[in-house]
Amino acid sequence: MATTKKVTHVEGGSASTPSQQPRWTPTAEAKSAAGKNRMYAVILWVLAVVAEIAAMVILSKKDPEVALTTGQNVLIISILFVDLILLVAGSSFWKNANRLDPPSKASAMFAVQSQAGVIMAAVCFVPVLIQAIIKKAWFVVAAAAIFGVGGGAASADYKPASQEEYAQQSSYVTELMGSNHVYWTKSGTKYHLYDDCQYLKSDRTTEIFEGGTVADAYANNSKIKPEMNSLCSACEKRAAKEKGWTDQQLQEAKDKAIEAAKNGAAVLEGALPAEEPQPEPAPQE
Ligand SMILES: [Zn+2]
């Protein structure tokens, strides 16, 4: 007659296995599109390096004491210009891929993945620059330096996307609207919570309004910077008003979304963690 006590097995109690769950994950389509963009980037970058090598082969035949003819200068600089175009085109695909499938800021490779285009700019122009200096081909030195710096500047991602950023904003939108659904236009720099927002309608009436998740907005409009204030402030205020929130409550909801994203909230399900008491709202930059 002994009562068998029901043993409740508690999973995941081990402290040695910290949660490695991604905080935000792209959809299968986004991941596949990112893969294609990365492939195009690599192909274009390889071709850029081939162009650089071609320029270096021509330059290798130069006698350092004999100046290049105008024709030779034009030829080498033209090849380096092709190198530049291929580099920047490749970097553009790479940046697109990062918006579709961003790296995590927690990753040691975050900077490398976000700024791979800058690294490629160095690969595409530093070797030929050094060779041109050794060979005293001064016009080529000038061209390689300008193209290298310009190519690096064009290849840099000044506002790189991150999984954390997407998670925060997805959580915040869900907190405000109950679902992760936003609207944007092709040329706008903000995403909106309401499809009848005055800013969405004003002077963009000919455009098709698109709807989707926050991540979809970033994937489809490269003009929207991945940062919190890319959310239209008029829509944000309207959502707060509809909820009857004060500015203080709105700020708390924002802080909560940022905190939830840090804690790996399941943003894909549109669910925020249960109303657990927050010890203190961590000050955010
Ligand atoms: Zn709006």
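Computed from the coordinates by the stated procedures, all read-outs in this text should not be read as laboratory data. As the structure is a prediction and not an experimental result, all values here were calculated from the model. Note: ideal-geometry Cβ built from the backbone for every residue, glycine included; neighbour counts use all protein chains shown.
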*Please work out the Cα center distance from the range 23-49 to the range 149-205, rounded to the nearest Å.*
21 Å
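With the contact rule set at Cα under 8 Å and sequence spacing of 6 or more, what percent relative contact order holds for the range 163-265? Display every interim value, and only then the final one.
Details: 140 pairs, mean separation 38.0, N = 103.
Here the relative contact order equals 37 percent.
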*Return the long-range amide H neighbours of residue 191 (sequence gap of 5 or more, or a different chain), with a cut-off of under 5 Å between placed amide H atoms.*
231, 232
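Taking R0 as 25 Å, what's the FRET efficiency between residue 223 and residue 245 from their Cβ-Cβ distance, rounded to 0.05?
Values: r = 29 Å, r/R0 = 1.16.
Efficiency at R0 = 25 Å is approximately 0.30.
With a cut-off of 8 Å between alpha carbons and a minimum separation of six or more residues, what is the relative contact order of the range 28-155 in percent?
Details: 160 pairs, mean separation 45.1, N = 128.
Normalised by residue count, the contact order of the range 28-155 is 35 percent.
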*Once fully extended, how much extra length lies between residue 252 and residue 46, figured as 0.36 nm per residue of separation less the alpha-carbon to alpha-carbon distance?*
69.3 nm
_With the cut-off at 1.5 for a/c, could you classify the range 163-265 from its C-alpha gyration tensor as rounded, prolate or oblate?_
oblate
